[in-house]
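**Student:** Right, I'll just put the structure down here and ask away after.
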Amino acid sequence: MSIYNKIRRAVAKKVVNRKKHLQLKEAIITFTFDDVPETGFTAGLPILQKYGFKSTFYVALGFMDHPVEGGVRYTPEHLKMVVDDQSELACHTYGHIHCYQSSKATIEKDLSKNSQRINEVIPGYRFKNFSYPFGEQTIAAKQVVRNKFRTGRGVNSGINHGQIDLINLHAYQIGTNITPDQGRALIDEAIRLKGWLIFFTHDVQKDHSLYGCTPELLDSVAAYCSEKKCSVLTMDEAISRIEGR
C-alpha cells in the first residue's frame, strides 16, 4: 500500500466512524467468507454445519457464474444453500471494486447493482452487512457504508473489544498465516476479553489460494469453538445481540 493510501485510510478511520462501547456477557465468534470461491460453499459451509454453526458469506455478485478453471466461481444455487442454512449473505460490492480508486457515486452505484442482483436471485433478500474489498477504506467508502449497512468489516487483525468502530471491524484471516494452535489461542483470548472475534477466509481446499485455508484448519478452529461452547453467530446475529435487538 502506498503512503498516500495509508494516510487516506488513517484519515477515514478518524473522520468517519460509528463508535460503540462493546459490553458483552460472553465472547462472540463469527466465521466469514469473502468473494466467495465455490469451495467456500461446498467445503466451508458443511464444516461449520457439522458443529451447528451459522456463518456469513460476503458476495460480490459480479463473480457469480464467472468462469474459472474447472467450472464457475459459484452459482445462484450456492447462494440459496446459504439462505436455506439460515446463514447470511452480505455485501462485498458487485464488481469487487477498489475503493481507493472509486468516487462516492461510483461506490453507491456499484452497491445498488449488487442489491438489485441479489433480489433477482433471491427475491426480497436484503444485504445488511458489508466487507471492504482488499480492506480499502476511504472517507467516501465509509460514509456510504455507514448510511447503508449495520456493519463494515475490514482486514486489520484484532479482536473487537472495548471501544470499537462498527464500520471498521477487525478480523483475523484463517489461512497460511495462522496455525491451529494460534487459532485456539485467539479464541481463548476472545473469551478472556469477552470480545467479538471475526474470522475470514476465501477458498477452502487442500491446494488453497494465498487467501484461503485447508478444510483441516477450518475444522480445527470450529471444533475448538464447539469444545469451548462459544456463541458462534453470523454478523447480523452478532450486531443484533450487541445492540440488544
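**Student:** Using the per-residue mean of other Cβ atoms lying within 10 Å as a proxy for protection, in what order, highest first, do the peptides 33-40, 132-139 fall? Let's see the in-between values first.
**Tutor:** Details: 33-40: 25.1, 132-139: 20.0.
Averaged packing, sorted descending, gives the order 33-40, 132-139.
**Student:** Over the chain, with a Gaussian network built from C-alpha contacts below 10 Å, which listed residue (GLN163, GLN205, GLN143) shows the highest mean-square fluctuation?
**Tutor:** Maximum fluctuation in the GNM of the chain, among the listed residues, is at GLN163.
**Student:** Any of LYS19/LYS194; LYS50/LYS206; LYS6/LYS228 with alpha carbons more than 28 Å apart? Name them for me. Could you put the intermediate results ahead of the total?
**Tutor:** Numbers: LYS19/LYS194 18 Å; LYS50/LYS206 19 Å; LYS6/LYS228 38 Å.
Among LYS19/LYS194; LYS50/LYS206; LYS6/LYS228, the Cα-Cα distance tops 28 Å for LYS6/LYS228.
**Student:** I would also like to ask the following. Pop the C-beta distance of LYS113 and ALA223 into the FRET formula with R0 = 41 Å and round what comes out to the nearest 0.05. Please report the intermediate quantities before stating the final value.
**Tutor:** Numbers: r = 39 Å, r/R0 = 0.94.
My answer for the efficiency is 0.60.
**Student:** Can you bin segment 137-245 into rounded, prolate or oblate? Criterion: square roots of the alpha carbon gyration tensor eigenvalues sorted a ≥ b ≥ c, rounded for a/c under 1.5, prolate for a/b above b/c, oblate for the rest. Before the final figure, lay out each step's value.
**Tutor:** Details: a/c = 2.08, a/b = 1.35, b/c = 1.55.
Note, shape of segment 137-245 comes out oblate.
**Student:** Longer than 25 Å from Cα to Cα, which of LYS20/LYS148; LYS54/LYS128; LYS113/LYS148; LYS54/LYS109; LYS80/LYS142 are they? Say none if no pair is. Could the numbers behind the result be given before it?
**Tutor:** Values: LYS20/LYS148 17 Å; LYS54/LYS128 16 Å; LYS113/LYS148 14 Å; LYS54/LYS109 30 Å; LYS80/LYS142 29 Å.
The pairs that break the limit, which is 25 Å between Cα atoms, are LYS54/LYS109; LYS80/LYS142.
**Student:** Here's another thing I want to ask about it. How high is the FRET efficiency between GLN101 and TYR125 when r is their beta carbon distance and R₀ equals 35 Å, given to the nearest 0.05? List each step's numbers first, then the result.
**Tutor:** Numbers: r = 29 Å, r/R0 = 0.82.
Calculated transfer efficiency: 0.75.
**Student:** At GLU216 and PHE134, where each label point lies 7 Å from the Cα along Cα→Cβ, what is the point-to-point distance in nanometres?
**Tutor:** 3.4 nm
**Student:** Something else now. Select one label from [x] 16.9, 46; [y] 19.5, 56; [z] 21.5, 66: the one whose number is Rg and Dmax of the Cα atoms in Å as derived from the coordinates shown.
**Tutor:** [x]
**Student:** Right, here's the next one. Could you tell me the center-to-center distance, by alpha carbons, between segment 25-98 and segment 158-214 in angstrom?
**Tutor:** Each part's Cα centre sits 16 Å from the other's.
Read-outs: derived from the displayed coordinates by stated rules, not from any lab. For clarity, every value in this text was computed on a predicted model and none was experimentally measured. We place every Cβ from the backbone using ideal geometry, glycine too, and count neighbours over all the protein chains shown.
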